[in-house]
Amino acid sequence: PYIVLDMSSTKKSKGLVSYEIELERARTERRWSSVTGMLKKRPKGFNQGFGELLTSECELEQHIEKCGFLHVQSGGHEADSLIESEKQLKDVFSNEKDKQGIVRTEAGFLLGKVYYMRRDYTKSLELLTLKQLDAAITVEDTTVRLVLLVAEGYALRGLLLEEVAVQSPVTSEVVECYTKSSSLLFSLVNGDGIGAKAFAGTTPDNCNWRLGDILELALLKLPVLYLQTGNIQRSIDHLRRLLSPIEAAVFRPLRMTAARRLAQILLRGVSENSYIQPGDEFLKSTEASGRLSIPSSSVKLRVGQKEQTFTPHSVIEEVLLLLLVVEVLV
């Protein structure tokens, strides 16, 4: 499930292939100390440019986990300490010979993240264009980590557009960026579409992957933007999707917030006459850009055994169920 793109013309040894697979697994699961340790024991034939990229990535991600993404982005000495990460990633981005290769692509996305946190929004937007992000998920041998980086890229572009137009109304591109980011994550959770390619025929359950602050922020921000643009049903749809994959550990940190917000929206903005129950017609009216086609059975709120489901048929039923979910999570 952690296929590494062949970045050389020579045939790789079995040991090198196994090493790269384990390295990708550690990256996907955000075990940065493990990645750092493995890089100190890199085998012969390992791509030097890729090694420099991973060294920079580890330093950047460990710094974000230590200080918190939002705290670093707010300014201060934490942002200044990213200067070294910026220098390293710029070197990788500039020196990589294959201008369309995976190493340069990932370096560009990580550098865009650094620029965002250092409040250099113009440079960040130049690296995180929709064209570059869209192209990155069409590569033949994609990886889970690459999909997560692209999802982060879409989310960061949405944040950037909001920052540079803080006094303006929410634009369609902002919503599109968050929607594409969320769609990639749901695809990974469901193991369909790009998620099926990234996991190479296995299931997401075999990977302890985590979202990180940026993607969690994007997932919770999107339903708010839907409300601001007057699309209450899409906001409801999105929050239901966060709650429906009960077995997906990756969404657990978000469930309490999602359940509370959904209950508030249903109580304040939906009448019994306009209520659409989970799994009904709203899935048929989805728009093509960035939306996933999800079977209606997958969005029913499950209780008890996996085979047993309960689908609420009214606002009150769903709100009561959501309050029970919150109570259990507390």
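The values are calculated or read from the model by the stated rules, or taken from the named source; none is laboratory data. Worth saying up front: this structure is predicted, and the values here are computed from it rather than measured. Positions of Cβ are backbone-derived with ideal geometry, glycine not excepted, and every protein chain shown enters the neighbour counts. For accessibility, only protein heavy atoms count, side chains too; no ligands or nucleic acids. Shrake-Rupley method; radii C 1.70, N 1.55, O 1.52, S 1.80 Å.
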Residue within region 92-100 that is at pLDDT below 90 and touching an Asp or Glu at 6+ places or on another chain (Cβ under 8 Å) present: no
Within region 120-181, helices (runs of 4 or more DSSP H) holding 3 or more residues that are open to solvent by 50 Å² or more (accessible area, probe 1.4 Å) and modelled with pLDDT of 90 or more: 121-127, 130-136
Extreme residue, modelled with the lowest pLDDT, among residues of region 42-70 that are within 18 Å of residue 211 (Cα to Cα) and surrounded by fewer than 15 Cβ atoms within 10 Å (Cβ to Cβ): 70
Residue within region 96-103 that is touching a helix residue (DSSP H, G or I) at 6+ places or on another chain (Cβ under 8 Å), touching a residue at least 40 places away in the same chain (Cβ under 8 Å), within 23 Å of residue 62 (Cβ to Cβ) and part of a helix (DSSP H, G or I) present: yes
Residue count, region 212-258 (criterion: touching a Gly at 6+ places or on another chain (Cβ under 8 Å) and surrounded by 22 or more Cβ atoms within 10 Å (Cβ to Cβ)): 1
Close pairs from region 311-330: first within 15 Å of residue 242 (Cα to Cα), partner basic (Lys, Arg) and part of a helix (DSSP H, G or I), Cβ under 8 Å, at least 6 apart: 322/260; 325/255; 326/260; 329/255
Residues being at pLDDT below 75 and in a loop (DSSP other than H, G, I, E, B) - total across region 201-247: 8
